[in-house]
Amino acid sequence: MHQDIARVLIDEEVIEKRLDIIADRILEEFSGRQFVVIVILKGALVFTADVLRRMPIPLEIECINVASYHGETKSSGRVDFLDAKLPLVEGRSVLLIDDILDTGRTLVAVEEKLREQGAQMVKSCVLLSKDKERAAEVEADHVGFHIGDEFVVGYGLDYKGLYRNLPYIGILKSEIVEASR
Ligand code: XMP
């Protein structure tokens, strides 16, 4: 375990097993339908790469860059779209993938944007969903794991840009968060 991690919340083996199930469910949901996958960067990168490799079908992958945490451990309450141009989704079915559902603002803002751009169907998938009251009423169609209201890192999730490469999901030692304030 990395020295900055206080405890592992979900280990690699458990994630791997869950991904098999999620991939099957997504394939079932879209069965026979062409769809484009839109990854919300950067947090969903690792999860997406692993889950899509369990789907042996022709797929298009696009990315959207949004920010709401701005390097902190609490949401800023604002969702910023960082791309000059968004993927073309008019008339298309979309699978939107994010790392974690927290306040719900990101998923709501991105889904709204895709519908505005003419997406015909939007389904969402998140690796993690925090069990808490949300600022925006939303649930993802596919959820890897439900977790408590704690700040987590690893498997794509970061603190100040670090820890995305850890193969598990963990909780940072409090002194790491405090020391960098
Ligand atoms: P909202 O609040 O819009 O949040 O549902 C979604 C985005 O916030 C980030 N986020 C986290 N990042 N550990 C992280 O590293 C966390 O515990 C966490 N909670 C929320 C993340 O970027 C997500 O896409």
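Accessible area per residue for the chain, computed on protein heavy atoms with a 1.4 Å probe, is 52 Å².
In the elastic network of the chain, a GNM with C-alpha springs shorter than 10 Å, the most mobile of Gly118, Gly170, Gly43 is Gly118. Using a probe of 1.4 Å, the accessible surface attributed to Asp158 totals some 40 Å² when neighbouring protein chains are kept in position.
Based on C-alpha pairs under 8 angstrom that are at least 6 apart in sequence, the chain has a relative contact order of 26 percent. Once the chain from Ala67 to Glu150 is taken as fully extended at 0.36 nm per residue, the excess over their C-alpha distance is 28.0 nm.
Here segment 1-56 yields Rg over Rh of 1.07, to two decimals, using C-alpha coordinates and the Kirkwood radius. Considering only alpha-carbon pairs that sit under 8 angstrom and 6 or more positions apart, the relative contact order computed for segment 61-156 is 24 percent. Compared with the alpha-carbon gap, the fully stretched path from Ala136 to Asp83 is longer by 16.8 nm at 0.36 nm per residue. Expressed as a whole percent, the accessible area of the chain that falls on carbon and sulfur atoms is 48 (1.4 Å probe).
Projecting the Cα positions of Val126, Ser31, Ile176 onto the charge dipole of the chain (unit charges on Cβ atoms of Lys, Arg, Asp and Glu, taken about the Cα centre) puts Ile176 furthest along the positive direction. Along the charge dipole of segment 63-168, which of Ala135, Leu82, Phe151 sits closest to the positive end, that is, farthest toward it, with unit charges on the beta carbon of Lys, Arg, Asp and Glu (+1, +1, -1, -1)? The residue sitting most towards the positive pole is Leu82. What the Cβ-Cβ distance of Gln117 and Leu27 gives, at R0 = 22 Å and to the nearest 0.05, is a FRET efficiency of 0.30. Dipole size of the chain about its Cα centre, with +1 on Lys/Arg Cβ and -1 on Asp/Glu Cβ: approximately 280 debye, rounded to the nearest 20. When Rg and the Kirkwood Rh are both derived from Cα coordinates, the Rg/Rh ratio for segment 13-147 amounts to 0.94.
The values are calculated or read from the model by the stated rules, or taken from the named source; none is laboratory data. For clarity, every value in this text was computed on a predicted model and none was experimentally measured. Neighbour counts run over all protein chains shown; Cβ positions are idealised from the backbone, glycine included. SASA here: full protein model, heavy atoms, side chains in, ligands and nucleic acids out. Shrake-Rupley method; radii C 1.70, N 1.55, O 1.52, S 1.80 Å.
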